[in-house]
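Engineer: Input: one structure, supplied below.
Coordinate-derived values only; no laboratory data. Being a predicted model, the structure only gives us computed values, none of them experimental. Because the Cβ atoms are built from the backbone with ideal geometry, glycine has one as well, and the counts that use them run over all protein chains shown.
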Amino acid sequence: MRKNAFSFAALGAMLALALSLAAANAQNARSWVAGNGNDAGPCTKAQPCATFARALSQTNAGGEINCVDRGEFSGGVGLTIAKSITIDCNSAQGRFSPASPQPVAILVSAASTDVVVLRGLDIDGNGISALGIDLTGGAALHIEKCVIRNFAAGGLPAGILFAPLTNPVAELLISDTRVTDNGTGTPGGAGILVRPAIASGVTKAILTRVEVRNNFFGIKADGTQAIGGVINLTVRDSVSTGNAANGIVGTGSANGAAIVMMIDRSTSSHNVAGFGVIADGPKTTIRLGGSSIAGNINGVGASNGGVLQSYGTNEISGNSNDGLAALTPIGGLTASGPIDVTADQTVIENVHVSSTSGSCITIERGVSGTVIRNSEIGPCMGNGVEGTRINGLSIFDSYIHPENPVNSGNNCCDSRDGLFLMDSSNIDVEGNVIAFGESNIEVDGLTGTNVFKGNFLLNPTGGSPRGQNFQAWSGSNSNSGITFSFNYTLTSQDPKYPYPGNPEDNVNFGHTSNSSATDNYIVGGWSPSGCGLISDTSTDTLSFLRNRIYETGQCGIGVASGTTITVDSNKIFNDNPVPNGGNTGIYVANYGGGQCGNITVTNNTSYAQTSFWANGDCGSIPDPGNNILDAAAFAVLNPFLITNPPPLIPPMPKNCAAASPWTTQTSVAGCGRPLLSAKAR
């Protein structure tokens, strides 16, 4: 009887838990507010709420709040956001203007994995509140099509304060937004203030089409509140004008965060005092390209060891003092032998590193915050860049080509990759051209947040079982937290390339969890056992989304092992079968051993000798009937290079287009341009 009593008690507890979970999940995926809404309602479109605060409480994490019509949705007080959420009032601008003084109008204090999006809001401090938007915690804050104005009270007033306290890799993205009339002469403040207060963080802020007007400081990056780390700030297609002090400023200290700022195609003009642009502090570097600095008291400046670099494409004139002597021209690369990085926060830039003995750049164990940018790395007798147990590596807009011609007969192992990392964390690799490595990128045991974005990866030379353009594998610790997106990976035997491609898989994920490959353009392969993109041994929770895959050997996308794998909205065209290969567009089969199941294959367009095949040993795969296969896919995709043209090289530069023999990118200027004229500075 005691056993039965225990069983009924356990059953009761389980039912109670189920009911509580059901109640938690009963919140809305999408909630609504309206000018005549009622906070006693459920926040549906038919019965909208009156305030964002009530709608937020009724919305699931990751959900969305919309405005039925224009209205004021503060309820007179500030709003605290502690979960992933999108507030989107772009179709009917939502006003947020607390009537009483507030320390912060909208405070984002969320977990380090949470993303908050604010879109279409008019946030007004009425001159009586201190901060418009303040992030202290969260993974990313996106501010789009907003107006933030009139925050001019309190200790350090600002329209937007980005001051992460807990997440070392927080990200701020602002676009199509106006920030006006914020800050005061005492104690200062700014329209946009990026001011992390966390040790050894990598803080990223990207401002695109932003107008910053009539504030105290316009745009300010402040590294004085952190210990170590780096602030990467990009200002593109933006205007800072009419501010009381400096239009755009980076200020730091010897012990604080390094500041690396790129100002591209932007204007800083008619600021009342101070400088249009100034780099202040020994670890501050600002680069100017294609920008206008005019009508200020001082045009440009550098102080206290700061560096202000010019690509020679700027218009700096019409200031009381243009300050041209402060500019350092960006010209050619400085030749260097192999570099051994032993200190935190090391910046390597504008160099051509080669090595006849060992790797070109070695980052020693325990080092954090290394930045490599605008450089050429190779040829190298070892890896292009290698590191073990490092944290916070950024590689931007560089050309890496180890080649290792002397040792080209040795295919193994991990000794001549473009980038080789082991047991490391928080890696950011963007806008590079990486070519002719054993594997071009190989990672083993990554943790944290790891971004590989917008790179061109060309002709790995290692062959089977190596030779991937990108390989996430593990000899000891599994990988996690990898985002591989918007890359162009090419293996080709065209003689215009000095080393013909010899790949196994093109892009390989093994021993990896909680990661994704999205929006990549993957071309080439001849292996009878390789794939364009593969979920290999011991994977869990992977997403392969919106990739375009062309002529990648016996397989476009392979699921050879793993659990919770999503293959959705990809386009595969493999119409040249390889000898002895299975020649499938998409396959699911437990070739890797271990667990295999919970596989989703939806919304794909696939053409191959066998467009889709499942072996049956990974459990049932639901067929929603919305994959386009065989002749129907051929009709949609052929000719593939016309229906899906390849991206430019590199697909998505970080700040400038990496200089390489293969670069075709024209949307941004190239790295390392010479001065154009005496007028263009």
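Engineer: Just to be sure I understand: if I project the alpha-carbon convex hull of the stretch 271-334 onto a plane and average over all orientations, what area do I get in nm²? All intermediate terms of the calculation are to be shown ahead of the outcome.
Structural biologist: Working: hull surface 17.3 nm².
Projected over every direction and averaged, the Cα hull of the stretch 271-334 covers 4.3 nm².
Engineer: For the chain, what does -39500 (n - 2.57) per DSSP helix run (n ≥ 4), summed and divided by total residues, give at 222 nm, in deg cm²/dmol to the nearest 500? Could you put the intermediate results ahead of the total?
Structural biologist: Details: 4 runs with 41 residues, N = 681.
Calculated at 222 nm, the ellipticity per residue is -2000 deg cm²/dmol.
Engineer: Lys and Arg at +1, Asp and Glu at -1: add these up for the other residues within a Cβ distance under 15 Å of residue 100 and post the number. Could the numbers behind the result be given before it?
Structural biologist: Working: positive: none; negative: 72, 124.
Net charge around residue 100: -2.
Engineer: So, in nm, how far is label residue 580 from label residue 176 when the simple model puts each one 7 Å beyond its Cα toward the Cβ?
Structural biologist: 5.4 nm
Engineer: Once the piece of chain linking residue 30 and residue 304 is laid out straight, how much longer is it, given 0.36 nm per residue of separation minus the C-alpha distance between them?
Structural biologist: Values: separation 274, 0.36 × 274 = 98.64 nm, distance 5.06 nm.
Between residue 30 and residue 304, full extension yields an extra 93.6 nm.
Engineer: Mean separation of Cα pairs under 8 Å and 6+ residues apart, divided by the residue count of the chain: what relative contact order is that in percent? Display every interim value, and only then the final one.
Structural biologist: On the way: 2407 pairs, mean separation 38.5, N = 681.
Relative CO of the chain lands at 6 percent.
Engineer: A follow-up question, please. Using 22 Å as the Cα-Cα cut-off, could you pick out the over-long pairs in 145/571; 204/571; 145/453; 204/453; 220/453? It would help to have the intermediate numbers written out before the result.
Structural biologist: Working: 145/571 32 Å; 204/571 32 Å; 145/453 25 Å; 204/453 14 Å; 220/453 26 Å.
From 145/571; 204/571; 145/453; 204/453; 220/453, over 22 Å: 145/571; 204/571; 145/453; 220/453.
Engineer: Arrange the peptides 490-499, 225-234 so that the one whose residues have, on average, the most other Cβ atoms within 10 Å appears first. If you can, show how the numbers build up before the last one.
Structural biologist: Details: 490-499: 14.8, 225-234: 22.1.
With the highest mean Cβ count within 10 Å placed first, the list reads 225-234, 490-499.
Engineer: Related question: So, with +1 on the Cβ of K and R and -1 on the Cβ of D and E, and no other charges, what is the size of the charge dipole of the chain about its Cα centre, to the nearest 20 debye? Numbers along the way, then the final one.
Structural biologist: On the way: 35 positive and 48 negative charges, 269 e Å.
Computed charge dipole of the chain: roughly 1300 debye.
Engineer: Ok, one more. Give me the aspartates and glutamates in straight-line cross-link reach of residue 83: C-alpha distance below 19 Å, same-chain residues under 8 apart excluded.
Structural biologist: Those aspartates and glutamates meeting the cut-off are 64, 114, 134, 144, 171.
Engineer: Then there is this: Which ordering of 591, 399 is given by a fewest-first count of other beta-carbon atoms within 10 Å?
Structural biologist: On the way: 591 17, 399 25.
By the 10 Å Cβ count, ascending, the order reads 591, 399.
Engineer: State, as an integer percentage, the relative contact order of the stretch 167-281 based on alpha-carbon contacts under 8 Å between residues 6 or more apart.
Structural biologist: Answer for the stretch 167-281 is 24 percent.
Engineer: Right, next: Report Rg (one decimal) and Dmax (nearest whole number) for the stretch 506-644, counting Cα atoms only, units Å.
Structural biologist: For the stretch 506-644, the Cα-based Rg and Dmax read 13.3, 40 Å.
Engineer: I would also like to ask the following. Between (i) 29.0, 98; (ii) 33.8, 131; (iii) 26.7, 95, which entry matches Rg and Dmax of the Cα atoms in Å as derived from the coordinates of this structure?
Structural biologist: (iii)
Engineer: Moving on to the next point. Which of 131, 615, 374 sits closest to the plus end of the dipole of the chain, meaning its Cα is farthest towards the positive end, when Lys and Arg get +1 and Asp and Glu get -1 on the C-beta?
Structural biologist: Of the options given, the answer is 131.
Engineer: Can I ask one more? Output the relative contact order of the stretch 101-329, whole-number percent, from Cα pairs under 8 angstrom with separation of 6+ residues.
Structural biologist: Numbers: 873 pairs, mean separation 26.4, N = 229.
Relative contact order here is 12 percent.
Engineer: Return the FRET efficiency for the residue pair residue 667, residue 39: r is the Cβ-Cβ distance, R0 is 41 Å, and the value is rounded to the nearest 0.05. Mind showing how you got there, number by number?
Structural biologist: On the way: r = 46 Å, r/R0 = 1.13.
Here the calculated transfer efficiency is 0.35.
Engineer: Under a point spin-label approximation (7 Å from Cα along Cα-to-Cβ), what is the residue 600-residue 254 distance to one decimal in nm?
Structural biologist: 5.5 nm
Engineer: As an exercise, use a Förster radius of 45 Å and the Cβ-Cβ distance of residue 128 and residue 324 to find the FRET efficiency, rounded to the nearest 0.05. The partial results should precede the final answer.
Structural biologist: Numbers: r = 42 Å, r/R0 = 0.94.
The pair residue 128/residue 324 has a calculated efficiency of 0.60.
Engineer: Arrange 113, 346, 51, 666 by Cβ neighbour counts within 10 Å, fewest through most, would you?
Structural biologist: Details: 113 12, 346 17, 51 21, 666 9.
Going from least to most buried by this count: 666, 113, 346, 51.
Engineer: Quick one: order 65, 348 by neighbouring beta-carbon count within 10 Å, fewest to most. Walk me through the numbers on the way to the answer.
Structural biologist: Working: 65 25, 348 21.
Ascending number of Cβ neighbours within 10 Å: 348, 65.
Engineer: On to the next question. May I ask what percent, to the nearest 5, of DSSP beta bridges between residues of the chain are antiparallel? Mind dumping the intermediate values first?
Structural biologist: On the way: 1 of 223 bridges.
Antiparallel: roughly 0 percent of the beta bridges in the chain.
Engineer: Hey, another quick one. Quick one: if the Förster radius is 30 Å, what FRET efficiency do residue 237 and residue 356 give, using the C-beta to C-beta distance and rounding to 0.05? Let's see the in-between values first.
Structural biologist: Numbers: r = 43 Å, r/R0 = 1.45.
Between residue 237 and residue 356 the formula returns 0.10.
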